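Here is the structure we will look at.
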Amino acid sequence: MATNIQEDIKNNSIEDIKNNSIEDINQDSDNSKQIQRKRKLKPFHKITTHRNPLNDNRFPEIPFCPGELDLVSRYPYYFGPNYTEPLKPKIELADIGCGFGGLLVGLSPLFPNKLIIGMEIRDKAVEYVQERIQKLREQGINSGSPSQYQNISVTRSNCMKYLPTYFVKGQLCKIFFLFPDPHFKRSNHRRRIISTTLLAEYAYVLADNGIIYTITDVHDLHTWMVTHISVHPLFERVTDEELESDPVIPLVRNCTEEGKKVAKSNGSKFLAVFRRKPRIPYNY
Amino acid sequence: MFINAVSFLKEENGDILFAFAINKDILFIKAQLIKKEEEKNYHFEVIGKMLEIHNDNINSLTLSKSSILQKILICSVSDDKTIKLSDVLTTTELYSKKCFKRSSIVKFSQNQNEIIYANKVGEVYKIEVENFDKYEEQEPIIGHCASMITDLIQVSGLIFTSDSDEKIRISRYPHTFEIENFCLGHKQFVSKIIIDPKVELLVSGSGDGSIKLWRIRTGELLDSVKLDESETAVTIPIAWINESNYIAIAIENKKEILIFKVEIEASRKLREIERINLNFEPTDGIITSENDLWLIGSNKTLQQQLEENQNQNQNQNQNQNQN
């Protein structure tokens, strides 16, 4: 992985790298000192923002069923020989469209007994997040906390087409849609990640009372998401009062690169959170 | 003549009504059961034709004996982006409605009161038969994002949809927003699914050359058998032989029909019993209440009849002798 990014950087013009050199973004998670790294990660603007999820490609990383998802390579700490606990943690949180991994990094210390996965369709962004997580894990090992950031991982996938192949029924307790692609054109509305037909699949992977978090700076998209999810028989809105005690909310607002961009430009963030209603047993 | 689609209607007296879609036309053939003492025979009669009913190839059609409209109905979907409801006995078109996308499959619901159709981008819609005249395509009841729906069955409060992205989805019906299970594991598009009469088991065929047996209640894979090693093999489950444990499977472009036994208690749950050579390639079929297996071939309008009862009895006797 590391050599690919270095080669990419070599292929770009030196001007680009000089003008857009970035400090290691892991400094935010460190809180205390700013760590300036010699090796720079690929500049953000080189990773495309748009991708058509309706294309036919089935990437090789996409499993054919939940049992085929490779957990050993993604969470080596928990599935390696050194982890002696009999019960392995499960993936219970999913960040759909995790971008550069900001939310994953923020969530990791909050849920030490659960595994978190980021799903992203752009392969360059996936590489970036893999690099980022690897570095954080190395930092943890070097500073004596080997389990740090071992519960987060990223995978390249197309969630609109293949989400049920990752998770069994009711596996997730939380699912995140942070600053999704608005697909402004009416003809592209069917590419939006929140739609009535896809909500059935999200309800399928969510446990009873599982939570779906949405946030966007585009008011039109916010209205779209709120209308579609509110009208869906399996979801109910979580009130602002209930959200006050949810430690995840500040992360949802501020942890991602997109969220920080919006804050810098003084944009508004529209949050909408919903709960998956409990399943009623069905006799047929 | 190339048959695009076929639908059957079993009548109480043992007669079978066939509707064949041949390009843009529909042909109705009735097979009348004639029972003389111990012998069984069928008399075939072309009872109607609907020529150029559609402007483009018909992709799917489905027959129904509707108690609401007191007629025998046929619903057809075509590449001309319409769905049409017609009366069989008078061979007249009753209604025609527009679809946004080309539809690939149409079926009646189990209670015959609704028509369910699916298009090539994975959207499934529902029409109430008695309100067909007022129907307008709006929101789909099920969506398989950007996949073609390859098979659709509605039975016993559930609806089964399979798609070209290797997924089989089992949803509640009519509350299709609640998914009961997914049956996942095929490596290529799912071609067709058949369900046992007790709605406990499902057998699916696929472009990966295998058939898989699933438990409906949990979505778990019970067994998988690879029927053909070649890369382009497509398996097509034809029918579940009534209340027995036997199923009939076809392989695309192969002139044979395979009979399998389904035994959930055994370690090998799908067991091949025999392969019967034919002189045509079967693509569809029906089991009558007499336990006869009718097979329809894609290249010819030849039907072949098999005495399944006899086969089953022979096999059971063999098994008992072995035990």
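Each value in this text was obtained by applying a stated rule to the coordinates, not by laboratory testing. Here the structure is a predicted model, which is why all the values come from computation and not from measurement. When we count neighbours, we look across all protein chains shown, and the Cβ atoms used for this are built from the backbone with ideal geometry, even at glycine.
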**OP:** Between beta-carbons, use under 11 Å as the cut-off and find the net charge around B:Asn57, counting Lys and Arg +1, Asp and Glu -1.
**Re:** -2
**OP:** At a Cα cut-off below 14 Å, give the aspartates and glutamates reachable from B:Lys81, other chains included and same-chain residues fewer than 8 away excluded.
**Re:** B:Asp56, B:Glu123, B:Glu136, B:Glu137
Original post:
Amide H of B:Leu227: which non-local residues (sequence gap of 5 or more, or other chain) have their own amide H closer than 5 Å, using H built in the peptide plane?
Top reply: B:Ser210, B:Ile211
Original post:
Non-local amide H neighbours of B:Asp165 (under 5 Å, H modeled in plane, Pro and chain starts lacking H): which ones?
Top reply: B:Met148, B:Val190
**OP:** Would you pull out the residues with amide H under 5 Å of B:Asn4's amide H, same chain only if 5 or more places away, H placed 1.01 Å from N?
**Re:** B:Ala21, B:Ile22, B:Asn23
Original post:
If the cut-off is 22 Å between C-alpha atoms, which lysines fall inside it for A:Lys124, apart from same-chain ones fewer than 8 positions away?
Top reply: A:Lys10, A:Lys18, A:Lys38, A:Lys40, A:Lys42, A:Lys46, A:Lys135, A:Lys161, A:Lys260, A:Lys261
**OP:** From other protein chains only, count the Cβ atoms within 10 Å of every residue's Cβ in A:198-205, then give the mean.
**Re:** 4
**OP:** Please average, across the residues of A:182-195, the number of beta carbons from any other chain that are within 10 Å of each residue's own beta carbon, and give a whole number.
**Re:** 1
**OP:** Could you work out how far apart the two model spin labels at A:Ser245 and B:Arg172 are, taking each label as a point 7 Å from the Cα in the direction of the beta carbon, and quote it in nm?
**Re:** 2.9 nm
Original post:
Taking square-rooted eigenvalues a ≥ b ≥ c of the alpha carbon gyration tensor, is chain B rounded, prolate or oblate, where a/c under 1.5 means rounded and, failing that, a/b exceeding b/c means prolate?
Top reply: oblate
**OP:** Identify all aspartates and glutamates with a Cα-Cα distance to A:Lys114 below 12 Å; exclude those on the same chain that are fewer than 8 residues away in sequence.
**Re:** A:Glu92
Subject >> Flagged links, alpha-carbon separation over 31 Å, of B:Lys107/B:Lys212; B:Lys126/B:Lys198; B:Lys35/B:Lys71; B:Lys36/B:Lys269 >> reply: B:Lys36/B:Lys269
Subject >> Inter-chain Cβ neighbour average for residues B:209-219, partner chain, 10 Å >> reply: 1
